[in-house]
Amino acid sequence: MTAGVTVSGEPSSGEPVARQPAPVGVRNRLVQALLRRGFDSGTPRWAAGLATAAALAGSALIITTAAIHLHLWLTGYRHVPRLGPLFLAQAISGFLLSPIIALGRRALLLLVGAGFMASSAAGLILSATVGFVGIHDGLDVPWATPALAVELAGFLLLSAASAISLAHLLRSAD
């Protein structure tokens, strides 16, 4: 509320006048949607439940891949130059990120989790094919195939959860 100006922009007698909020642009809607917890009121209950389950399962898979990387670091990868510190960083960041996603369940967090899983899978695929940070392993090394399966499943689940939580943007653009 402001005093001194009418809605038409003319001076008033000092009475407070309510300002009309500015129209929300697409960019502002996107930021709000990324930070909103939960789902748009137009999202069907079954879709919101499915997305919540996918987010929680994806969060559990982040813990799983973090545990795999910590186990591998403890059993010998800590001695591998350049790769050892990356395994430890992946484990620590996974243990930190998972509860944040599970408790927050905001679209932005779901997208960060999906990116985390995709980058972990990409590192493994690069290492198994062309090499990564000077290391060339195959998918036949211990825990490679289970880790890849966990990371790809987590990526799909977290991507689906974020897509459902952001779906109202597509509806509002129509």
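Could you tell me whether any residue of the range 10-26 is surrounded by 13 or more Cβ atoms within 10 Å (Cβ to Cβ), in a helix (DSSP H, G or I) and modelled with pLDDT under 85? Checked against the condition, which is being surrounded by 13 or more Cβ atoms within 10 Å (Cβ to Cβ), in a helix (DSSP H, G or I) and modelled with pLDDT under 85, the range 10-26 yields no hits at all. Within the range 110-122, can one find any residue that is farther than 17 Å from ALA67 by Cα, assigned to a helix (DSSP H, G or I) and over 14 Å from the mean Cα position of the chain (by Cα)? The answer is yes, given that some residue of the range 110-122 is farther than 17 Å from ALA67 by Cα, assigned to a helix (DSSP H, G or I) and over 14 Å from the mean Cα position of the chain (by Cα). In summary, ALA167 fulfils each of the numbered conditions (1) modelled with pLDDT of 80 or more; (2) under 25 Å from ALA47 (Cα atoms) with the single exception of condition (1).
When the residues of the range 88-105 are filtered to those that are crowded, with 20+ Cβ neighbours inside 10 Å and at negative phi, the one that is nearest to the chain's Cα centre (by Cα) is ILE101.
The values are calculated or read from the model by the stated rules, or taken from the named source; none is laboratory data. Only a predicted model underlies this, so the values are computations on that prediction, with no experimental measurement involved. Backbone-built Cβ (ideal geometry, glycine too); neighbour counts: all protein chains shown.
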